[in-house]
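Scroll down for the structure; my scribbles are underneath it.
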Amino acid sequence: MQKSKSNTEINWIGRILFLLPVTVLFVLFFIYPFGFTFITSFTKWRGIGKMQFCGFANYIKLLEDPTFLLALRNNIIWAVCQGFIQVPMACIVAMILVRRPKGWRFLRTIYYLPNVISTVALAMVWVAVYNVSGPLNAILGKLFGMQARNWLGNPRTALGAVIFQTVIYIGYFMIILYASALTIPRDLYEAAEIDGAGTLQQEWHITLPMLRGSLVTTMTLAMAYGMRHFESTYLMTGGGPAYSTTTMGISLYGKMDSLRYSEASTTGIFLIIMGTLVIVAIRKLFGNSDPLSDTAQ
């Protein structure tokens with residue numbers, strides 16, 4: 001009896017030692033920064049000097065700021081586009097590639113290639129593409145006779161332009177879904193073929209249901225990326241013109257740049273809250289069970 005108790009204690013000690021490094025890192029680089037950000041969001045602080053408690057003044061000021069509300073709207077649009085356009089496109093491509101059509105290895109590499117290229121480099125390429133004298137206007141002019149327009153300088157087209165150049169890069173989510181599709185038992189497809197099911201029927205009734213767990217994961221990641229989007233929009237438009245492409249990330253950066261650290265902390269808390277709501281909504285809407293795991297059990 002004592003031996004069994006001793007082994008249990010050793011197991012618990014081993015588990016604690018195994019989890020200790022990651023726990024320490026999690027506390028230092030997430031819990032502490034989050035707590036500090038949460039506290040400073042209720043103060044007036046410029047990054048130096050003494051903090052002055054101001055209650056919910058920063059939150060009220062932020063919710064009354066039309067620029068922040070526009071940024072919040074843009075982030076929601078980003079999240080919806082990445083979750084319901086980018087991920088479905090990645091899923092379609094993954095389902096095609098898993099059947100290994102001619103040149104599938106080359107296509108797989110090409111689709112993933114943008115993910116290994118710097119965001120800065122890609123943003124600069126798209127700035128050139130959208131330029132008034134760029135290739136996009138030249139092609140549209142020759143094919144449809146359209147007049148050249150400043151895609152990034154027009155508030156009506158700027159947001160759609162920056163979203164488009166991100167949504168088409170499906171490689172990251174494609175690889176996740178492709179790897180998941182490879183684990184689906186081939187016996188299911190063989191049985192479906194014997195029963196007379198065509199390719200589209202197999203994809204709809206076998207592949208998609210079996211990819212449900214991975215689809216929930218990729219949609220969660222994509223929408224979370226949309227909520228915290230910053231880099232390419234800041235490089236391409238800086239949040240303009242007329243704040244039409246601004247996001248909460250750009251708003252946060254602007255507040256920090258002007259030494260309004262407490263207001264930046266408030267924006268950061270909003271980002272965390274919105275990201276959490278997105279994750280909860282996706283899990284509630286689509287569920288989080290994985291048919292492949294259920295099959296394995």
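The values are calculated or read from the model by the stated rules, or taken from the named source; none is laboratory data. Computed from a predicted structure; not experimentally measured. No Cβ is skipped: glycine too gets one built from the backbone with ideal geometry, and neighbour counts run over all protein chains shown. Side chains included, ligands, DNA and RNA excluded: accessible areas come from the protein's heavy atoms. Shrake-Rupley method; radii C 1.70, N 1.55, O 1.52, S 1.80 Å.
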Gyration tensor over alpha-carbon atoms, region 107-183, equivalent ellipsoid semi-axes in Å: 30, 13, 12
Cα shape, region 1-150, gyration tensor, a/c 1.5 rule: oblate
Within the accessible area of region 65-126 (1.4 Å probe), percent carbon and sulfur: 73
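Arrange the peptides 203-209, 29-35, 218-224, 176-182 so that the one whose residues have, on average, the most other Cβ atoms within 10 Å appears first.
Highest mean packing first, the order is 218-224, 176-182, 203-209, 29-35.
Quick one: grab the alpha carbon gyration tensor of region 156-297, order the square roots of its eigenvalues as a ≥ b ≥ c, and give me rounded if a/c is under 1.5, else prolate or oblate depending on whether a/b is larger than b/c.
prolate
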Relative contact order (%) - region 15-129, alpha-carbon pairs under 8 angstrom, separation at least six: 9
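Would you calculate a helix-derived [θ] at 222 nm for the chain, using -39,500 (n - 2.57) for each DSSP H run of n ≥ 4 and dividing by the full residue count, to the nearest 500?
-20500 deg cm²/dmol
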The chain - percent relative contact order, Cα under 8 Å, separation 6 or more: 29
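Please state the shape class of the chain: rounded when a/c is under 1.5, otherwise prolate if a/b exceeds b/c and oblate if not, all from the C-alpha gyration tensor. Walk me through the numbers on the way to the answer.
Details: a/c = 2.35, a/b = 1.06, b/c = 2.23.
The shape class here is oblate.
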Region 18-84: trypsin sites (Lys or Arg not before Pro) in DSSP loop, at most 15 other beta carbons within 10 Å: Arg46, Lys50
Accessible solvent surface per residue of region 57-205, calculated while the other protein chains remain in place, 1.4 angstrom probe, Å²: 58
Fluctuation leader among Ile77, Ile139, Ile273 - the chain, Gaussian network, Cα springs under 10 angstrom: Ile139
